[in-house]
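What follows is a single structure, written as C-alpha cells, with notes after it.
Read the figures in this text as sums done on the coordinates, not as results from a lab. For clarity, every value in this text was computed on a predicted model and none was experimentally measured. We place every Cβ from the backbone using ideal geometry, glycine too, and count neighbours over all the protein chains shown.
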Amino acid sequence: MYSIIIKSSVVSTFSNKITEANRVRRKDQSSDKDKTWAKHLGLWVSGLFLVLSFCNSLLAQEKSSPGATIFKTKCILCHGADGSGNTPLGKQLQAANLGSKEVQKQSNAELHKIVHDGRANMPSFADQLSDDEIKQVILYVRQFGKTAKK
C-alpha cells in the first residue's frame, strides 16, 4: 500500500513537472511570437521613416530652388522670408509685398526690369545677378502669389 502511495505521489509529481514544462514552453513560444511581431513592426516603422525622410528631402530640394537661394541671399533682408516686406528695413524702405495683387499682376518682363534696373527705394541688381538668375527669382516670387490667394 505504501508503494502505491509513493508511486502515486511520484507519478503526480512527474505529471506536475510535465505540465509546468508545457506551460513554460508555451510561454516561450508566445514570447517568440511577440519578438517576431516586434521585429516586423520595427522594420515597418524603419521603412516608413525612410520613405518620409526621402519625401522630406524632395520637398527641401523643391524649396531650395535656385530662385529661392538667390532670394534668400539678395532679397530677404527687405522683403522677408514670406515676401511680405514686413521686416524692419522693408518697412523703412516701403518694400513691396511680393504676394500682393499689384506685384503678381505684373508680367515677368516688368518684374525683370524692376529687379534689373531698380525702382524707387529698390536698388538695381544688374551688376549682381545674371538675366537667368533674375528669371529664377521671379519664378520663386510667383509662389508668394499662390500662397496669398489660399
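Label-point separation (nm) for residue 76 and residue 113, each offset 7 Å from Cα along Cα-to-Cβ?
Between residue 76 and residue 113, the label points sit 3.1 nm apart.
For each of 142, 119, count neighbouring Cβ atoms within 10 Å of the residue's Cβ, then give the residues from fewest to most. Please list the in-between numbers first.
On the way: 142 16, 119 11.
Exposure proxy ranking, most exposed first: 119, 142.
Let me spell out the model: positive unit charges on the Cβ of Lys and Arg, negative unit charges on the Cβ of Asp and Glu, origin at the Cα centre of the stretch 62-150. What dipole size does that give, in debye rounded to 20?
460
Determine the distance separating the Cα centre of the stretch 114-150 from the Cα centre of the stretch 78-100; give it in Å without decimals.
That distance is 13 Å.
When a footprinting reagent is the concern and you count Cβ atoms within 10 Å, what order do 110, 102 take, fewest first? Before the final figure, lay out each step's value.
Numbers: 110 12, 102 9.
Going from least to most buried by this count: 102, 110.
With label points built 7 Å along Cα→Cβ from the Cα atoms of residue 105 and residue 91, find their separation and express it in nm.
2.8
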